[in-house]
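Report on the following structure.
The values are calculated or read from the model by the stated rules, or taken from the named source; none is laboratory data. Owing to the predicted nature of the structure, the values given are computational and were not obtained by experimental measurement. Here the Cβ is made from the backbone with ideal geometry for all residues, glycine too, and neighbour counts use every protein chain on show.
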């Protein structure tokens, strides 16, 4: 039924444009035997409306990469978030508005630190469906081991509240290990780790989230904060798009290991 409606709409639109082209050809004086550029443009538009496979416009092709928000894995990841109908629609509209930025996510690497990873499986699944690679750590110690072994991440996403010992280095609130650990990385990490963008993701109300994350937000670069799925994904897409377009300048030379 939907395809029949689409066909009729295409026929009507192409007919209207074709009539405009004929009207232009018959009633307006034109150079070069009335075959002027306007007539040709209208004629081409009618042909495009009639024959272009519009369903393929749902796919974006750029630089050899095909991205579609209608891919089953993307739809499945969105559905797994358990959003209501309105939130689901808002999320899909937000993703559609940022489709060019989402293209930059392909191959990006995210380190996600959360002591309850099962609570964020939907968000992680969606980021992977959009082209990102997500590594998880359930503690600061695990995250630090990963970063020591491999510091080539485009972004860190962290919770705020978990157990840990990082508060001893910055006199922070012990239960706010997520914040204290990022302060530790900013002050004591290597130059690459210090520069990795960070977004805090927690279910606090906005005022408390602002208050609890202040120690980390007083460091540079200042972390982002979010307390909603929509806000988190918007910030992640924005940050990764910027980072992938302007990667961190390394400036390090490979040196032989000392014997």
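The figures follow:
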{"item": "Residue count for segment 103-124, restricted to those that are more than 13 Å from the chain's Cα centre (by Cα) and either in contact (Cβ under 8 Å) with a residue 12 or more places away in the chain or not assigned by TED's automatic domain parsing to the domain that holds residue 148 (or both)", "result": "10"}
{"item": "Segment 112-138: number of residues that are touching a helix residue (DSSP H, G or I) at 6+ places or on another chain (Cβ under 8 Å), over 18 Å from residue 238 (Cβ atoms) and in a loop (DSSP other than H, G, I, E, B)", "result": "2"}
{"item": "Selection within segment 203-220 - in a loop (DSSP other than H, G, I, E, B), touching a residue at least 24 places away in the same chain (Cβ under 8 Å) and closer than 13 Å to residue 187 by Cα", "result": "219, 220"}
{"item": "Lone unmet requirement of (1) out of contact with any helix residue (DSSP H, G or I) (no Cβ under 8 Å at 6 or more places or on another chain); (2) assigned to a helix (DSSP H, G or I) for residue 106", "result": "(2)"}
{"item": "Selection within segment 143-161 - assigned to a helix (DSSP H, G or I) and closer than 22 Å to residue 212 by Cβ", "result": "143, 144"}
{"item": "Residues (in contact (Cβ under 8 Å) with a residue 24 or more places away in the chain, in contact with a helix residue (DSSP H, G or I) (Cβ under 6 Å, 6 or more places away or on another chain) and in a loop (DSSP other than H, G, I, E, B)) located in segment 174-201", "result": "197"}
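Residues are listed down the side, and each one gets a yes or a no for (1) in the same structural domain as residue 70 (by TED's automatic domain parsing); (2) on the phi > 0 side of the Ramachandran plot; (3) touching a strand residue (DSSP E or B) at 6+ places or on another chain (Cβ under 9 Å):
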| residue | (1), (2), (3) |
| --- | --- |
| 142 | yes, no, yes |
| 145 | yes, no, yes |
| 171 | yes, yes, no |
| 175 | yes, no, yes |
| 183 | yes, no, no |
| 197 | yes, no, yes |
| 218 | yes, no, no |
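So that you can scan it fast, the table gives a plain yes or no per residue for (1) modelled with pLDDT under 95; (2) under 26 Å from residue 245 (Cβ atoms); (3) within 19 Å of the chain's Cα centre (by Cα):
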residue	(1), (2), (3)
85	yes, no, no
101	yes, yes, yes
129	yes, yes, yes
134	no, yes, yes
142	no, no, no
147	no, yes, no
157	no, yes, yes
161	no, no, no
